[in-house]
1. Starting from the Cα of B:Lys114, draw a straight line to each of the lysines and keep only those under 17 Å, dropping any in the same chain fewer than 8 residues away.
2. Name the aspartates and glutamates eligible as straight-distance cross-link partners of B:Lys68: C-alpha to C-alpha under 18 Å, and not fewer than 8 places from it in the same chain.
3. With N residues in chain A, what two-decimal value do you get for its Cα radius of gyration over 2.2 N^0.38 Å?
4. Among the listed pairs B:Lys56/B:Lys102; A:Lys57/B:Lys60; A:Lys9/A:Lys57, give every one whose C-alpha distance is greater than 28 Å.
5. What are the aspartates and glutamates whose alpha-carbon lies under 18 Å from the alpha-carbon of B:Lys52, with same-chain residues fewer than 8 places away excluded?
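None of the figures in this text is laboratory data; all of them are computed from the coordinates on show. The model shown is predicted, which means the values in this text are computed figures rather than measured ones.
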Amino acid sequence: DSGVTQTPKHLITATGQRVTLRCSPRSGDLSVYWYQQSLDQGLQFLIQYYNGEERAKGNILERFSAQQFPDLHSELNLSSLELGDSALYFCASSVDRAYNSPLHFGNGTRLTVT
Amino acid sequence: GNSVTQMEGPVTLSEEAFLTINCTYTATGYPSLFWYVQYPGEGLQLLLKATKADDKGSNKGFEATYRKETTSFHLEKGSVQVSDSAVYFCALGLSESNQGGKLIFGQGTELSVKP
């Protein structure tokens, strides 16, 4: 058990809809990362937050947004969903913002857009 | 740009065979290198890491050496077990100008070990 909790585990929704994925980081970790895993794109870095502030941005679409709250949990919002957004979304946390700190991953949220 | 390339899978081995999973990278600056493992239905777990050239990371019988001259970080294990069956990801860690950080992952290599 990594200590990172993601909810929900599965999400099925229709095109055009909006969903929110939630992540609670490991106790004591200040950084939260979001990744998208799909068969064709592999693991893609989306965004990183450190202690409530955005710190690094990857291939995150404009339809997607995220935030980290004062209690350090994070939410990833996906809107105007398309079939191609179907993927496994992982949250990971680390103790600090350093690029060489190990990441601790949750078990992911599987999103299916129909 | 920055990228990681792994050998394609799936790799199928018999128990007690020697394992090598190749990983090469392209990066600016001085990245850290990682191997993560993903068991079915789970998130990724850190297997080992190396933070500078010639460092050797090791864990659970797996090891990998950071080779700057060949830009490689190949994963090896002398004798695999059925329980090693999983997907293995090579990754490089980069600093960001705004003091953040991110990992760039390879596409993953599925390993299947048969008894």
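1. Excluding near neighbours in sequence, the set is B:Lys77.
2. B:Asp54, B:Asp55, B:Glu76
3. On the way: Rg = 13.1 Å, N = 114, 2.2 N^0.38 = 13.3 Å.
Normalised by 2.2 N^0.38 Å, the Cα Rg of chain A equals 0.99.
4. Working: B:Lys56/B:Lys102 21 Å; A:Lys57/B:Lys60 33 Å; A:Lys9/A:Lys57 24 Å.
Among B:Lys56/B:Lys102; A:Lys57/B:Lys60; A:Lys9/A:Lys57, the Cα-Cα distance tops 28 Å for A:Lys57/B:Lys60.
5. Excluding near neighbours in sequence, the set is B:Glu63, B:Glu69, B:Glu96.
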